[in-house]
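The block underneath contains the structure these notes are about, expressed in structure tokens.
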Ligand SMILES: [Zn+2]
């Protein structure tokens with residue numbers, strides 16, 4: 001009886017310690033959001049709205065087959081910028097890299113400071129053939145209706161080009177003088193990889209020894225109901241983007257007639273290898289930018305969720321399990337595999353001599369191509385299957401403790417007072433990766449508040465932006481310029 005009483009007492013006191021520690025962690029969790037400051041100045045709204053509307057009307061469409069690109073439209077777009085932003089074109093130096101990628105240099109008055117760069121792209125994806133009629137307004141009309149501007153590029157990413165230029169034009173009209181150099185850089189082929197645009201801008205600037213404190217590109221937006229347990233909209237600033245690689249699994253061997261098959265055929269072995277990879281996925285780990293994301297949102301969560309995230313040291317396996325349930329959140333915490341192409345066989349009664357499959361992989365920061373290949377080989381455990389891999393690893397991870405990130409977070413907070421602004425890991429590729437080599441930090445953020453439906457419209461049908469959001473985006477770019485110029 002005494003023994004039972006003693007063990008009960010021990011259990012009770014351990015439980016009490018557990019409760020005290022975990023409650024302490026929850027209640028002392030500090031918010032990582034700055035207080036919003038008053039937004040500077042008011043912009044010329046009519047000019048801004050009409051200019052974006054007109055910008056949409058140029059069919060600056062990118063195609064994988066570059067010969068299909070109508071370069072006359074690109075030329076006209078550049079001339080249109082000159083007419084629309086007279087002060088920018090008078091006060092800033094414009095250089096056309098490779099004919100179409102635009103670099104505007106706004107000279108600062110303190111040469112001891114490193115420059116910052118604001119970048120976006122003015123090419124857009126095509127409108128899928130056969131979907132034109134599904135648009136409420138013609139995709140290249142730039143229609144202004146229902147408090148919105150409609151058309152391809154309103155979100156991705158003419159809003160970035162026109163938004164940044166509107167911000168600069170406005171600041172110039174008020175006599176604003178930056179202390180550090182500011183580069184406004186606009187690519188013309190982001191949607192097909194940026195090789196002739198952003199990549200060439202980077203190599204040109206690199207030759208001149210130009211290094212940036214940070215470069216800000218398009219990327220995460222502010223979205224409602226994005227993180228469970230957070231009632232406020234959450235704005236995510238990409239501090240890294242996942243790598244993208246392709247692995248080929250192939251096998252060659254004797255074929256033969258289908259009337260006398262071997263137990264293990266080439267198709268069966270490649271299919272078996274894929275099945276093994278799907279069953280034994282890359283290990284999940286809540287680390288890096290995703291761990292940071294939860295550190296930033298946890299203090300803003302409802303009590304239950306806050307309790308879980310404040311005590312990650314205990315609940316991490318549970319959190320990971322929950323995140324693994326949905327493809328979108330699973331992709332945040334592990335390198336993903338997606339079999340996308342399968343090649344084998346030509347005739348119904350002949351066993352193919354060759355079989356191969358292509359697997360698309362999205363790599364977590366820190367996972368090297370070599371490690372990923374190793375993992376695939378060990379998992380499929382079939383020496384006859386040859387594995388080759390090519391592609392790119394994840395970009396570097398930019399700082400979240402420096403003034404660079406803080407100036408972006410502060411600027412977003414000034415404009416979107418309600419939003420929680422946090423770092424995150426981007427799945428999609430952007431031009432930002434090209435800037436990695438010449439910028440200490442690269443951030444990816446589109447300063448607009450969207451619904452998850454809007455996100456689908458980005459490369460889809462009925463892309464549009466509300467005028468309210470667009471004007472806020474311009475304010476954000478002004479804030480970033482001002483905030484970043486206060487810093488060393
Ligand atoms: Zn884009």
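The values are calculated or read from the model by the stated rules, or taken from the named source; none is laboratory data. As the structure is a computational prediction, the values presented were derived from the model and not from experiment. Glycine also receives a Cβ, built like all others from the backbone with ideal geometry; neighbour counts cover every protein chain displayed.
Can you report the number of residues in region 330-365 which are in a loop (DSSP other than H, G, I, E, B) and over 17 Å from residue 270 (Cβ atoms)?
We begin by selecting, within region 330-365, every residue in a loop (DSSP other than H, G, I, E, B); these are 334-335, 345-349, 352-353, 364-365.
Retained after the next criterion (residues that are over 17 Å from residue 270 (Cβ atoms)): 334-335, 347-349, 364-365.
Within region 330-365, residues that are in a loop (DSSP other than H, G, I, E, B) and over 17 Å from residue 270 (Cβ atoms) number 7.
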Problem set entry | Positions within region 270-290 being out of contact with any helix residue (DSSP H, G or I) (no Cβ under 7 Å at 6 or more places or on another chain) and buried (at least 18 other Cβ atoms within 10 Å of the Cβ), in sequence order | 270, 288, 289
Exercise. Counting only residues that are within 18 Å of residue 217 (Cβ to Cβ) and out of contact with any helix residue (DSSP H, G or I) (no Cβ under 9 Å at 6 or more places or on another chain), which one in region 84-129 is farthest from the ligand (Cβ to nearest atom)?
Worked result: 114
Exercise. Can you name the residue in region 408-449 that is surrounded by fewer than 21 Cβ atoms within 10 Å (Cβ to Cβ) and within 27 Å of residue 336 (Cβ to Cβ) and is also farthest from the ligand (Cβ to nearest atom) among such residues?
Worked result: 437
Problem set entry | Sole residue being away from the ligand (no atom under 16 Å from the Cβ), assigned to a helix (DSSP H, G or I), buried (at least 24 other Cβ atoms within 10 Å of the Cβ) and at pLDDT 95 or above, chosen from 249, 205 | 205
For this session: Check whether at least one residue in region 69-80 is surrounded by fewer than 18 Cβ atoms within 10 Å (Cβ to Cβ), at pLDDT 95 or above, over 30 Å from residue 296 (Cβ atoms) and in contact with a strand residue (DSSP E or B) (Cβ under 8 Å, 6 or more places away or on another chain), and report yes or no.
Result: yes
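Tell me, yes or no, whether region 275-283 has at least one residue that is on the phi > 0 side of the Ramachandran plot and away from the ligand (no atom under 16 Å from the Cβ). It would help to see each step written out before you state the result.
From region 275-283, those on the phi > 0 side of the Ramachandran plot are none; that's our starting set.
No: region 275-283 contains no residue that is on the phi > 0 side of the Ramachandran plot and away from the ligand (no atom under 16 Å from the Cβ).
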Problem set entry | Among the candidates 466, 475, residue that is buried (at least 19 other Cβ atoms within 10 Å of the Cβ), more than 23 Å from residue 187 (Cβ to Cβ) and more than 16 Å from the ligand (Cβ to nearest atom) | 475
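How about region 369-488: which helices (runs of 4 or more DSSP H) wholly inside it have at least 2 residues that are under 18 Å from the mean Cα position of the chain (by Cα) and either without any contact (Cβ under 8 Å) to a residue 24 or more places away in the chain or farther than 26 Å from residue 292 by Cβ (or both)? Show your work before the answer.
Numbers: elements: 369-380, 403-415, 432-435, 452-457, 467-486.
In region 369-488, the matching helices (runs of 4 or more DSSP H) lie at 452-457.
Which one of 186, 214 is within 16 Å of the ligand (Cβ to nearest atom), outside the structural domain of residue 339 (by TED's automatic domain parsing) and outside any loop (DSSP other than H, G, I, E, B)? Please lay out each step first, then the result.
On the way: 214 fails: within 16 Å of the ligand (Cβ to nearest atom).
Answer to the check: 186.
If I ask for residues that are part of a loop (DSSP other than H, G, I, E, B) and touching a strand residue (DSSP E or B) at 6+ places or on another chain (Cβ under 7 Å), which ones from region 252-278 would you list?
Restricting attention to region 252-278, the residues satisfying the condition of being part of a loop (DSSP other than H, G, I, E, B) are 253-255, 258-265.
Within region 252-278, 255, 258, 261, 265 meet the criteria.
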